[in-house]
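No lab work stands behind these numbers, since they all come straight from the coordinates. The model shown is predicted, which means the values in this text are computed figures rather than measured ones.
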Amino acid sequence: MSEFVTFDEIKAAEKRIAGVAVRTPLYRVERARLRTAKIPEPAFDLYIKAESEQPIGSFKLRGAYNMVSQLSPYALKRGVITYSSGNHAQGVAYAARALGAKAVIVMPSNAPEVKKAATRALGAEIVEVGPASSERRLKAEELVAKHGYAMIPPYDAPEIVAGQGTCGLEIVEQLPDVDLILAPVSGGGLLSGVATGVKLAAEHGLAKPTVQVWGVEPELAADAKESFYTKTLVEWPAEKTTRTIGDGLRTQSMGVLNFSHVIKYVDGILSVTEDEIFAALRMVLAATKLVAEPSGAVTLAAALFHAHELPKANKVAVILSGGNLEPSLRERLEAELATEQPA
């Protein structure tokens, strides 16, 4: 495998995951629905790539299955392990169950209960540690050394990048004249994969040569933004990144492989506030039939509230990376919406 993931590797991943991961829809957000929900209309046509409609409710199935399915029969027999706050956990558990392997998932104690329950329901064994992303990685490495499990990292592996890259290929196939694509970023698996897939597709004449890919993350966990603009991979302490409601975006640093791809292929990264994330969550419930978790709503927040920081575009696609929303948070959001409706 080359230093950078290739177009052929992403196309191979596309074939490998077909029939397991879903080719998710790209929905256009109707302006009339935005007006009805009292949301300011953007100057561009807005599209949502609904990765919430994957079997596990998240894009993570793409990379997880692409990697697990390439393991040898011996490795599958020993079992697989990963460390995750929830969505990658479900992706690995789903892939392992499909391929007949044991799955062990190291999760933070503060992971949403809905994600823990879903991971257990897929047959995985959960090992809980503290809230720091470094804690769960170290625990997983300890268990690999003890039991010989195959490690399926959440983002820092070429197989993961290639699998997530299939999401980018789908977007440019579904909307060939898209100008701008926004992807959430934390460890960098999705952003690095999507940007690589989109930019290589453009080189092959399968997307506009001017298409741009930007990352979005919470201001409270903006290590990727700092890394991108300083061109130095930085790490934020867990006590900072765990402040955000976006539980899937609390990773303390991008992966090394992901960072190199981001520097090569990504056009920019911006951050959004917690209030903007909540507003985007309400917008999804009010103006669409989709459900977004906080980590999946950051791209909508960027499109709605930070258009002045983004390049001018006629068509913008935002990746709704996951829809595993805590029931209690959904109830709160729906109650807020109800109080905003006219009597």
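A few comments on the model shown:
- Calculated log₁₀ intensity ratio I(q)/I(0) where the Debye formula runs over C-alpha points of the range 249-343, q = 0.21, 0.22, 0.23, 0.25 Å⁻¹: -1.15, -1.21, -1.27, -1.37
- Between the amide H of Ile269 and those of Gly215, distances stay under 5 Å, these residues lying 5 or more places away or on another chain, with hydrogens modeled in the peptide plane.
- Fraction of C-alpha pairs exceeding 15 angstrom in the range 10-104: 65 percent, rounded to a whole number.
- Calculated from backbone phi, Karplus (6.51, -1.76, 1.60) coupling profile of the range 126-133 in Hz, x at Gly/Pro: 9, 10, 9, 9, x, x, 6, 5
- Reachable lysines, given that their alpha-carbon falls under 30 Å from the alpha-carbon of Lys315 and they are not under 8 places away in the same chain: Lys11, Lys15, Lys38, Lys49, Lys60, Lys199, Lys208, Lys225, Lys231, Lys264, Lys289
- Cα long-axis angle, helix 256-265 against the chain (0 to 90 degrees, to the nearest 10): 40 degrees
- For Leu180, distant residues with modelled amide H under 5 Å away: Gln212, Lys315, Ala317
- Acute angle (nearest 10 degrees) that the helix 327-340 long axis makes with the longest principal axis of the chain, alpha-carbon atoms: 0 degrees
- Principal-axis tilt of helix 189-203 within the chain, Cα atoms, nearest 10 degrees: 70 degrees
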